[in-house]
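A.B. asks: Would you mind keeping the following structure in view while I ask a few things?
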């Protein structure tokens, strides 16, 4: 077909000649450098085949019938290709093969697609994906299951039944029934969209239910601790050993920017001597598998040292994220901190109070946080009004001095 990257020809698969001396005809589909040999189910003797024209010689009824079948198959393959283009579906040899075979595509269900995706994630846990990512999708599957049961009074739904209404009602379900606020609800929907895109790629569904649905995240101001807040937490005498350990881990994150998943997996081998001869953290983010190198500030190093000296596998004692946030609430109450203390607040604090507010360039902060996109870091830059005020006061002073000199 001219103007496309798909090519179709027919050939005799001679190595599969039958005992009767006839040979099967195969279609060869070539697309973007890859090939698919498709059995047409038709047979012919070798002498009757025209290898240049890819058809059977002669005008016998049998020959004409086979040529008609080959032409129909070619038309079907081209139609599959055109349909994929029109539906804006990513085309590959595997997708064309699935469409051509039509293996129970209409019987594929949404929860089966979740299971398939779950198995893919499991294979890469610890390499490309984190255990947390797997947990997120399993939580989503649980919510989708409950939604289907409530709205459709069924245990599952066929992929071919998914439409715009399904997505809209799922958003309503998350916000009303599950009492989930906007941004987290949209995050769940974005993950569901990935399951749908996977289903489209495998030709399990032809109509994209997300086509006219916008997954818009609302901009929010990130909370963080001030220097005064940090001083309160650091100076407070806490007799409970458990809370002391939690405070240490939390403050360590405030001065390094490491997420909870990264702190909990930190090992002695991750503490290295950097290019400046000082101690650095060298690790890979659990969430994105992006390499992160963080120079250890004096306060972070003083917290780390006693734990490092007694470390076996992980440096810090492992506590579940849920429990550590509960303990942080206790610490917030003890220290008279009005903000709700969560472990992720430590990461926000590092980005704002520790780095950006002290003049560290946003590009460097982005690298320290292990962000893959500078836009993610720019969210923190919007809240550093204190730094802007300090810079403007400094500018006013410079301009004032200049005015005095001019006089």
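The values are calculated or read from the model by the stated rules, or taken from the named source; none is laboratory data. Not measured: the values here are computed from a predicted model. Cβ: placed from backbone, ideal geometry, glycine included. Neighbour counts: every protein chain shown.
A.B. asks: Residue 134 - would you say it is modelled with pLDDT of 90 or more, in contact with a strand residue (DSSP E or B) (Cβ under 8 Å, 6 or more places away or on another chain) and either loosely packed, with under 13 Cβ neighbours inside 10 Å or in a helix (DSSP H, G or I) (or both)?
C.D. replies: Spelling it out, it is not the case that residue 134 is modelled with pLDDT of 90 or more, in contact with a strand residue (DSSP E or B) (Cβ under 8 Å, 6 or more places away or on another chain) and either loosely packed, with under 13 Cβ neighbours inside 10 Å or in a helix (DSSP H, G or I) (or both).
A.B. asks: If I filter the range 266-290 down to residues being closer than 25 Å to residue 326 by Cα and in contact with a strand residue (DSSP E or B) (Cβ under 8 Å, 6 or more places away or on another chain), which single residue comes out as surrounded by the most Cβ atoms within 10 Å (Cβ to Cβ)? Before the answer, list the steps.
C.D. replies: The first filter runs over the range 266-290 and keeps only residues closer than 25 Å to residue 326 by Cα, leaving 266-267, 285-287.
After this cut, where a residue has to be in contact with a strand residue (DSSP E or B) (Cβ under 8 Å, 6 or more places away or on another chain) as well, the list is 266, 285.
On the way: 266: 22, 285: 18.
Ranking the candidates gives 266 first.
A.B. asks: Please count how many residues of the range 15-54 are loosely packed, with under 12 Cβ neighbours inside 10 Å, at negative phi and part of a strand (DSSP E or B).
C.D. replies: 4
A.B. asks: What about residue 214, is it within 21 Å of the chain's Cα centre (by Cα), free of Cβ contacts under 8 Å to residues at least 12 places away in the same chain and not assigned by TED's automatic domain parsing to the domain that holds residue 380?
C.D. replies: So residue 214 fits the description; yes.
A.B. asks: Is the range 141-151 home to any residue that is buried (at least 16 other Cβ atoms within 10 Å of the Cβ), within 16 Å of residue 213 (Cα to Cα) and within 19 Å of the chain's Cα centre (by Cα)?
C.D. replies: no
A.B. asks: Go through the range 192-215 and give me each residue that's surrounded by fewer than 19 Cβ atoms within 10 Å (Cβ to Cβ) and outside any loop (DSSP other than H, G, I, E, B).
C.D. replies: Passing the criteria: 193, 194, 197, 198, 201.
A.B. asks: Being over 22 Å from residue 355 (Cα atoms), in the same structural domain as residue 344 (by TED's automatic domain parsing) and in contact with a strand residue (DSSP E or B) (Cβ under 7 Å, 6 or more places away or on another chain) narrows it down to one residue among 308, 296, 301; which is it? So that I can check it myself, show each step before the final result.
C.D. replies: Values: 296 fails: over 22 Å from residue 355 (Cα atoms); 301 fails: over 22 Å from residue 355 (Cα atoms).
After ruling out the rest, the residue left standing is 308.
A.B. asks: Regarding residue 160, is this residue under 23 Å from residue 108 (Cβ atoms) and either assigned to a helix (DSSP H, G or I) or not assigned by TED's automatic domain parsing to the domain that holds residue 95 (or both)? Spell out the reasoning first.
C.D. replies: Details: under 23 Å from residue 108 (Cβ atoms): yes; either assigned to a helix (DSSP H, G or I) or not assigned by TED's automatic domain parsing to the domain that holds residue 95 (or both): yes.
For residue 160, the condition - under 23 Å from residue 108 (Cβ atoms) and either assigned to a helix (DSSP H, G or I) or not assigned by TED's automatic domain parsing to the domain that holds residue 95 (or both) - is met.
A.B. asks: Provide a single number: the residues in the range 216-249 that are loosely packed, with under 15 Cβ neighbours inside 10 Å and at pLDDT below 90.
C.D. replies: So the count comes out to 6.
A.B. asks: Now, a different point. Can you work out which of the residues in the range 349-380 that are buried (at least 16 other Cβ atoms within 10 Å of the Cβ) and over 23 Å from residue 299 (Cα atoms) is modelled with the highest pLDDT?
C.D. replies: Among residues in the range 349-380 that are buried (at least 16 other Cβ atoms within 10 Å of the Cβ) and over 23 Å from residue 299 (Cα atoms), the one modelled with the highest pLDDT is 371.
A.B. asks: While we're on this one: State whether the residues of the range 91-98 include one that is out of contact with any helix residue (DSSP H, G or I) (no Cβ under 9 Å at 6 or more places or on another chain) and either surrounded by 13 or more Cβ atoms within 10 Å (Cβ to Cβ) or at pLDDT 90 or above (or both).
C.D. replies: yes
A.B. asks: How many residues, within the range 243-285, are out of contact with any helix residue (DSSP H, G or I) (no Cβ under 7 Å at 6 or more places or on another chain) and part of a helix (DSSP H, G or I)? It would help to see each step written out before you state the result.
C.D. replies: Residues of the range 243-285 out of contact with any helix residue (DSSP H, G or I) (no Cβ under 7 Å at 6 or more places or on another chain): 244-245, 258, 262, 264-267, 269-270, 272-278, 280, 284.
Cutting the leftovers down to part of a helix (DSSP H, G or I) gives us 244-245, 262, 264, 269-270.
Going through the range 243-285 one residue at a time, the tally reaches 6.
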